[in-house]
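The values are calculated or read from the model by the stated rules, or taken from the named source; none is laboratory data. Being a predicted model, the structure only gives us computed values, none of them experimental. Glycine also receives a Cβ, built like all others from the backbone with ideal geometry; neighbour counts cover every protein chain displayed. Keep in mind that these areas ignore ligands, DNA and RNA; they rest on the heavy atoms of the full protein, side chains included. Shrake-Rupley method; radii C 1.70, N 1.55, O 1.52, S 1.80 Å.
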Amino acid sequence: MYTLLYNITTTPGAGMEAPQQSDVVIVGGGVIGLSVAYFLKTLSPGARVTVVEREPGYEHCSTLRASGGCRVQFSCPENIQMSLFSIDFIRRFPELMAVEGREAPIDWVEGGYLFIVPPEHIGLLEANHAEQIRQGCVADLLDPAGLKARFPSMRVDDLGAGVHTPHDGWCDPYQMLHGLRRKVIALGCQVLADEVVAFEVSGAVVRSAELRAGGKVPASHFVNAAGAWAAEVGAMAGMPLPISPLRRFEHYFTCGNPIERLPYVKDLARMAFRSEGAGFSGGVVDGSEPRGFNFEVDHGYFERAVWPAVAHRFPAFEAAKCHRTWAGLYEQCELDGNPIIGNWPGVLENFHVCAGFSGHGMMHAPAAGRAIAERVVYGKDRSIDLARMGYGRVVENRAYGERGIL
Ligand SMILES: Cc1cc2nc3c(=O)[nH]c(=O)nc-3n(C[C@H](O)[C@H](O)[C@H](O)COP(=O)(O)OP(=O)(O)OC[C@H]3O[C@@H](n4cnc5c(N)ncnc54)[C@H](O)[C@@H]3O)c2cc1C
């Protein structure tokens, strides 16, 4: 059922505003959509690829509000494998995204990640650590004494264990998005400032995408990379998606007492923060937050929820100051918190969803983009078997989630 792109040789136009005939139309020009475009052009340089992004200034997109964290600490092998590929890609991003010899900075910091659990959850962390080792990650399982030796400011008396992954880190999501965007335009992709408002569907095949400004873009394949808006875009094609917008706050804060530089620290209560310049960036995810497109900032949240959690773990933060808070949206997969990557076999063959990353979409964008490109170009996964992340589990209402820290 797949139209292979091997034979397509038409020279594409770059950066033009009138929609052209396309082989692939990608809805959404955040990191996911741009990564799909990049890998399509890498695997099939002659492919005509159109990315449709309705907000050229990216005012509401999740990517520009992300914290930049990239880690291998997952339990599902697919997530670990996606991280290993993506982190290496991000490390090499400046050269890979170079345009006309000019490198694309991404400010990668190999600051490490640290997951910590109380005594009753040691088994969970051990099992996840064993899987990470099986997948070839560098990951150190530490007892409380080992944690204290490595992170002297941390309170460890109520902890059972921690896993430190020293080669994880963080980057600048703004530079990632714009580096990818410049690169795909240089490779000949068309990036349209417009909104997809409908699809023309006949049988199991989507024929064209209709634009708000008028006109239709016919294509052989369509990709739903609309992030927190993916359910709306899926509905236009007749593909229901359990993906909701979940507001999350990110804070920049400083510590009033001397403290060592910290890795990205995460616990089971979803406290997550890391060093950033002279201060720290992070927050506490509230999974019970009502779903919706809400960007309003609750300026009391840091004091109520984040400060107590951070100061409990690192007493130096008893003196802390929050300088800035912003709100962004997770594209939350309500089924299991894992992404949905793929088409709906037999029902919508040429419509591929790549969304629902639930807080991990920036770090997994390179691997996810490559996966969609492989499905389009080869009709199957070549690098990482992502069958369990497909739409089948949505149809069967079968969760495949992460165990432990999210
Ligand atoms: C506070 C916060 C912290 C985060 N921290 C991290 C982190 O540390 N690490 C990590 O990996 N991830 C993190 N994330 C998650 C990450 O930001 C997302 O998973 C990722 O950015 C998703 O990328 P995307 O391209 O799918 O979505 P987006 O960046 O939102 O892009 C989707 C685009 O689709 C466009 N669009 C929607 N509908 C249409 C339409 N009909 N037509 C045309 N265009 C359309 C939108 O305008 C938008 O620009 C964080 C998120 C938040 C909010």
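Side notes on the structure shown:
- Where ALA311 falls short, out of the listed (1) assigned to a helix (DSSP H, G or I); (2) closer than 30 Å to ARG91 by Cβ; (3) touching a helix residue (DSSP H, G or I) at 6+ places or on another chain (Cβ under 9 Å): (2)
- Lone qualifier among GLU200, GLU210 - being within 11 Å of the ligand (Cβ to nearest atom) and either at pLDDT below 95 or not in a loop (DSSP other than H, G, I, E, B) (or both): GLU210
- Residues that are at positive phi and open to solvent by 30 Å² or more (accessible area, probe 1.4 Å) within segment 311-358 comprise just one, GLY346.
- Segment 40-75: number of residues that are buried (at least 19 other Cβ atoms within 10 Å of the Cβ) and either touching a His at 6+ places or on another chain (Cβ under 8 Å) or part of a loop (DSSP other than H, G, I, E, B) (or both): 14
- Filter pass, VAL138 being touching a Pro at 6+ places or on another chain (Cβ under 7 Å) and more than 24 Å from ALA228 (Cβ to Cβ): yes
- Filter pass, GLU331 being closer than 22 Å to TYR400 by Cβ, among the charged types (D, E, K, R) and in a strand (DSSP E or B): yes
- Cross-chain or 6+ apart pairs with Cβ under 8 Å, segment 345-365 first and closer than 19 Å to CYS70 by Cβ and more than 7 Å from the ligand (Cβ to nearest atom), then at pLDDT 95 or above and among the aromatic types (Phe, Trp, Tyr): SER358/TYR330
- Tally, over segment 101-146, of residues that are in a loop (DSSP other than H, G, I, E, B) and within 27 Å of the chain's Cα centre (by Cα): 14
- Answer from GLY136, GLY112, GLY57, GLY123 - the residue that is free of Cβ contacts under 8 Å to residues at least 24 places away in the same chain and either closer than 19 Å to GLY169 by Cβ or within 15 Å of the ligand (Cβ to nearest atom) (or both): GLY57
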